Structure formats: structure tokens, C-alpha cells
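Notes follow the structure.
The values are calculated or read from the model by the stated rules, or taken from the named source; none is laboratory data. All values derive from a computational prediction rather than experimental measurement. We place every Cβ from the backbone using ideal geometry, glycine too, and count neighbours over all the protein chains shown. Just the protein is used for accessible areas: all its heavy atoms, side chains included, with ligands, DNA and RNA removed. Shrake-Rupley method; radii C 1.70, N 1.55, O 1.52, S 1.80 Å.
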Amino acid sequence: MSRRYDSRTTIFSPEGRLYQVEYAMEAISNAGAAIGILATDGVVLIAEKKITSKLLDTNAVGVRREKMYKLDDHVACAVAGMTADANILINNCRLSAQRYYFAYQEPIPVEQLVRSVCDTKQAYTQFGGQRPFGVSILYAGWDEHHGFQLYQSDPSGNFGGWKAVAIGGSHQAAQNILKTEFKEGLSMAEAIPLIVKVLAKSMDTSLTSDKVELATVTRDAEAGKMDFKIYEAAELKPLLDVANAAKEADAAAC
Amino acid sequence: MDYYIGLVGKKNRFVMVCCDAQAVHSVIRIKSDEDKIVPIDSHKVFCISGEAGDRVNFTEFVIANTKLYALRNESTLSTKAVANFTRGELATALRSSPYHCNLLLAGYDESTGPSLYWMDYLATLNKVNVGGTGYGSYFVLSLFDKLWRPDLTEAEALDLMLQGIDEVKRRLVVAPASFIIKVIDKDGTRVVKTVP
């Protein structure tokens, strides 16, 4: 029955649903996971890379990053879904941030950046007849109005501010684990091992450093400088080992 | 000719601006109590001079955009942001239909304190301690160059402004007859003196 209402993106079904938007969200559920946790002194993002092959040339610029991107000095993102769609949105984000800086000579407040991307995403659900973007994005940033912030947006153009959130594959499982494990007032030192643990628990396979991207957004308050750090394999390994061991211990105990 | 002058009380965290209060058309003084220090929000003002229609139209445009931003984002723009936005608008219009007005933007921000920005119709923007425009400012800027100090109190700054007005009246052939002086600090904007 609903097949009749699939082909046009910009019309409602009789039950009041937008099928194309829902199908887009389904596409994202099959993509690599991404999780974000907001700490008192920063934001940490972790993601599962789906494209892993030893034939991949990781020195070539284009494929070095699959999930994590810097949008401006003070805000970064992790994407889940169709990578090509994500590239367009990321470019829009970067443009938006620089246009704001050109006009006001100040960095764009994080929520405004999120809102501008979401307005674009919403447009594709209402007019034009083009399919929505098959991407959900986690935004991690800092601004002087609200400090560190974590936002999540989906293909419908809705967004929300979160303390901890998961998108992509197994996100429901990860979200449930976060609900029990997350505590208020975590520092980055506590949040980083926690986020690795949550990813490990929600995934079926064990974590290896070629399958995981981990990034942090922090700020040196004295120098007034932001720091977006993507962990290299060597730094990742000890964190992953701890999480994998814990996961095996849990599995053995069951 | 429109006259305005502004100065920043850096240490005591205020900014003081003085404008003449004449509305003029050709050789006729239409009004002697025109307030040319227009509020952008509670803690920022424009002092505007230049082409009659342009200056009000342009400043109202900037004020409306500032208000829209505040409503949309539930937070106010800083003085620096408004100054750069204004400059951007002047720059964009410059090579099609320029706004023929010179502006002084005076504001107070909680985090950075008082600030003063001087802008002209060519989209020049400068952050200054003392700034002014008009024939009168030629005399007063040199006077303030000698007398301005970063630690001026509000009373001393007011005295400086009155000395400036005296200088204008003494030396300018077409000196304005009336002036208005305002101050912006953490409590907002208020009139401190009208002359006469």
C-alpha cells in the first residue's frame, strides 16, 4: 500500500508519514556507527569505519578520513550514512562557518551552524522533488555562549543537543548502553575510555585500530585555542585493548 | 555639517559620545534637538552623519538585522560583530549604490568592556580610542590627542567633551548651536548632558 507514496519525496502518505525520510534513516542504520559524549572539558567522538581493506592507500588525502571532519577551528563532526551525501553537507557547513566569520569576524556559534545545515536538509523534504540526504551527523564544538556542545541531526532536518548520543549501525544498542553508563560531570579522561567501551559493547566484532576513528574537541582556555585531535593507530591501540578485554570478560561471564 | 566625537574610558569601562543636534536642509536649520545617537540595542549606539536619507535608512537596516539576530538566536551580537557586519554591508553596496554616511559605533560588552569603531562611507573600519567626523572633529581630534588618557573618569571625559564643544563653537564658522552627550557602560546607555 505504502509503495504508492514512495516515489515522491515531498508528499505525505495517508498516515501522515514521509516515507523517503524514513527510508533515508533506514539507510543510515546500515552504515558505520558513530557515538558522541559531552564531557565537562571537551567532546569525544568515535566512529566505526566500514571501508577497511589493506589495499586502501591511507596516504592519499581523499580516503584518509571516512568519518571525522573538521568544520571550523572550533567545531568538528562525525558522519553516519552515505559518504558522498555527507561530503556535500560538510562542504556546506564549512562554507556557512566561513561566511559567518566574514560577516561578523567571530566564529559561528555551534547551534547556528547546525541549524543552517538542518534548514538545508529540511528543504529536501519539502520541495524540489529531490531525495533527502542519507546522512546523520554528530557535531562537536565549543563557543563562548554555551561552552562545549554536542548536537545530532538526521535526514528530516531535525536536530537536538545531547549529552551522549549514537547514530548509525547498532545505534539503539549503543544508546541503551549510554543510558546506563553515562554520568553527569564526566571529564575527558573518563569519557574517552567510556566511549570506546560503548562502541565495543554495541558491535558484534572486536575493535581494531583500522576499523575505528576517535577524535576529541578540546580547548586550551589560557591560550584561547581550540584543539581537534584525531587519534593515530598507536594511541588507539591501548584504549581498544582495554575495551576488547572487558567485552570478552563480559561475554565469558554470561 | 554633522559633528560627532567619541572616546573610550578604557580603565573605567565606559564609552562617551557627543553629537550635534541639528537637522539641516540646505541653509535652514529645521530642528535643534535632533538625537543623532541612535540605539542599536541596550548597550550599543550609532552616531550617524552624512546623506540625509541614507544615514537613517542604513542605520535602521542594521538595527533591524541586529534585532532579528537576537530573536533568532536568543543571544546578542557583540559590538565587534555588529561593527564588522555593518562594514560588510557598506562594502557590498559600495560598488553599486553606496550608502553615503559616516558612522561611529559605540558599545559595551560584558566580556571585553567598552569599544569604539569608526566607519566611513567607503567601508573603512577602525577600532579607536578617540574618533570623530565632520569639520568640527578636525579641531577636536587634535585637542583629544593631547588630553585623552586611558584612565579618564566619566566626569573628566565629560569635561573633555565640553572643551571640544567650546573649541567647535569658537572656531567653526557654521558651528552647530546644540549638542547631546551620552555614555554607555555596564548599565546601558544614558544622556549625560545636552548643550545648551
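Using 7 Å Cα-to-Cβ label points, what is the B:I28/A:D41 separation (nm, one decimal)?
Roughly 7.1 nm, to one decimal.
Could you tell me the ratio Rg/Rh of segment B:127-196? Both radii from Cα atoms, Rh via Kirkwood. Each step should come with its number before you reach the end.
Numbers: Rg = 12.4 Å, Rh = 13.0 Å.
Checking Rg against Rh, the ratio lands at 0.95.
Rolling a 1.4 angstrom probe over the protein heavy atoms, how many square angstrom per residue are accessible across segment B:112-196? Please list the in-between numbers first.
Numbers: 4350 Å² over 85 residues.
Heavy-atom accessible area per residue stands at 51 Å².
What pairs from A:K50/A:K247; A:K54/A:K179; B:K11/B:K44; A:K49/A:K197; B:K31/B:K186; B:K31/B:K182 go past 25 Å between their alpha carbons?
Values: A:K50/A:K247 21 Å; A:K54/A:K179 36 Å; B:K11/B:K44 19 Å; A:K49/A:K197 16 Å; B:K31/B:K186 32 Å; B:K31/B:K182 19 Å.
Checking Cα-Cα distances, A:K54/A:K179; B:K31/B:K186 exceed 25 Å.
For A:E222, put the label point 7 Å out on the Cα→Cβ axis and report which residues of segment A:132-149 keep their amide N under 16 Å from it.
Within reach of a label on A:E222: no residues.
With a cut-off of 8 Å between alpha carbons and a minimum separation of six or more residues, what is the relative contact order of segment A:153-251 in percent?
Numbers: 71 pairs, mean separation 22.8, N = 99.
Rounded, it is 23 percent for segment A:153-251.
Please list, or write none, the aspartates and glutamates whose alpha carbon is within less than 19 Å of the alpha carbon of B:K146, excluding same-chain residues fewer than 8 places away.
Leaving aside aspartates and glutamates fewer than 8 places away in the same chain, those within reach of B:K146 are B:E154, B:E156, B:D159, B:D166, B:E167.
Which whole-percent values make up P(r) of chain B when all C-alpha to C-alpha distances are grouped in 10 Å steps starting at zero?
Calculated P(r), rounded to whole percents: 9, 38, 37, 14, 1.
Ignoring ligands, DNA and RNA, please state the percent of accessible area on segment B:71-174 from carbon and sulfur, probe 1.4 Å.
Details: 2680 of 5370 Å².
Roughly 50 percent, rounded to a whole number.
Pairs of Cα atoms under 8 Å, at least six residues apart: use those to get the relative contact order of chain B, whole percent.
This gives 31 percent for chain B.
So if we plug the beta-carbon distance of B:A64 and B:E154 into 1/(1 + (r/R0)^6) with R0 = 45 Å, what FRET efficiency do we get, rounded to 0.05?
Numbers: r = 31 Å, r/R0 = 0.69.
Step by step, r from the Cβ atoms, then E = 0.90.
Restricting to Cα pairs below 8 Å that are 6+ residues apart, what does the relative contact order work out to for chain A? Please round to a whole percent.
Numbers: 478 pairs, mean separation 65.7, N = 254.
Once normalised by length, the contact order is 26 percent.
For segment B:28-121, state which trypsin sites (Lys or Arg not before Pro) are in a DSSP loop and have at most 14 other beta carbons lying within 10 Å of their beta carbon. Write down the numbers at each step before the final one.
Working: sites: B:R29, B:K31, B:K36, B:K44, B:R55, B:K67, B:R72, B:K80, B:R87, B:R95; in loops: B:K36, B:R95.
Answer in residue order: B:R95.
With θ set to phi - 60°, apply the Karplus curve 6.51 cos²θ - 1.76 cosθ + 1.60 along segment A:191-207 and write out the HN-Hα couplings as whole Hz, x wherever there is a Gly or Pro.
After applying 6.51 cos²θ - 1.76 cosθ + 1.60, I find 6, 5, x, 5, 5, 5, 4, 5, 5, 4, 5, 7, 8, 6, 8, 7, 8 Hz.
Along the charge dipole of chain A, pointing to its positive end and built from +1/-1 on Cβ of Lys, Arg, Asp and Glu, which listed residue (A:V217, A:A39, A:Y100) has its Cα farthest out?
A:Y100
Sort A:204-212, A:68-76 by the packing proxy (mean of other Cβ within 10 Å over each peptide's residues), most packed first. Working shown, then result.
Working: A:204-212: 15.7, A:68-76: 21.8.
Going from most to least packed, we get A:68-76, A:204-212.
Quick check for me: using +1 on Lys/Arg Cβ and -1 on Asp/Glu Cβ, what's the dipole size of segment A:179-254 about its Cα centre, in debye to the nearest 20? Let's see the in-between values first.
Details: 10 positive and 14 negative charges, 35 e Å.
Value, rounded to 20: 160 debye.
In square angstrom and rounded to 100, what buried accessible area do you get between chains A and B, total over both, with the probe at 1.4 Å? Could you put the intermediate results ahead of the total?
Numbers: alone 13140 and 9970 Å², together 22240 Å².
When A and B are taken together, about 900 Å² of accessible area is lost.
Please work out, to two decimal places, the log10 of the ratio I(q)/I(0) at q = 0.06, 0.10, 0.13 Å⁻¹ from a Debye calculation in which every Cα of the protein assembly as shown carries one identical scatterer.
Per q value, in the given order, log10 I(q)/I(0) is -0.39, -0.81, -1.06.
Over the alpha-carbon set of segment A:154-254, divide Rg by the Kirkwood Rh and report the Rg/Rh ratio to two decimals. Kindly include the intermediate steps, with their values, before the conclusion.
On the way: Rg = 15.1 Å, Rh = 15.2 Å.
So for segment A:154-254, dividing Rg by the Kirkwood Rh gives 0.99.
Around A:L186, which amide H atoms from residues at least 5 apart in sequence, or from another chain, sit under 5 Å from its own amide H, with H modelled in the peptide plane?
When sequence neighbours closer than 5 places are left aside, the close amide H contacts are A:T40.
Using Cα springs under 10 Å in a Gaussian network model of chain B, which residue among B:S96, B:S178, B:S26 shows the largest mean-square fluctuation?
Its mean-square fluctuation being the largest, the pick is B:S26.
If I model a spin label at B:E110 and B:A93 as a point 7 Å from the Cα along the Cα→Cβ vector, what separation in nanometres do I get?
Rounded to a tenth, the inter-label distance reads 3.2 nm.
Magnitude of the Cβ-charge dipole of the protein assembly as shown, K/R +1 and D/E -1, about the Cα centre, nearest 20 debye? Mind dumping the intermediate values first?
Details: 50 positive and 54 negative charges, 139 e Å.
Its charge dipole is roughly 660 debye.
Grab the DSSP H runs of the protein assembly as shown that are 4 residues or longer, score each as -39,500 (n - 2.57), total them, divide by all residues and round the 222 nm result to the nearest 500 deg cm²/dmol. Could you put the intermediate results ahead of the total?
On the way: 11 runs with 170 residues, N = 450.
It comes out at -12500 deg cm²/dmol, rounded to the nearest 500.
What shape does chain A have by the C-alpha gyration tensor, where a ≥ b ≥ c are the square roots of the eigenvalues, rounded means a/c under 1.5, and otherwise prolate means a/b greater than b/c and oblate the rest? Could you put the intermediate results ahead of the total?
On the way: a/c = 1.65, a/b = 1.18, b/c = 1.40.
Judged from the Cα gyration tensor, chain A comes out oblate (a/c at least 1.5, b/c at or above a/b).
With each label point set 7 Å from Cα along the Cα-Cβ vector, what nm distance links A:R94 and A:K179?
With each label placed 7 Å out from Cα toward Cβ, I get 3.8 nm.
Taking the Cα centre of the protein assembly as shown as the origin and placing charges on Cβ (Lys, Arg +1; Asp, Glu -1), which of A:A123, A:F148, A:L194 is farthest toward the positive end of the dipole?
Farthest along the dipole direction, towards plus: A:A123.
Straight-line reach from A:K121: which lysines have Cα under 20 Å away, leaving out those fewer than 8 places along the same chain?
The qualifying lysines are A:K67, A:K70.
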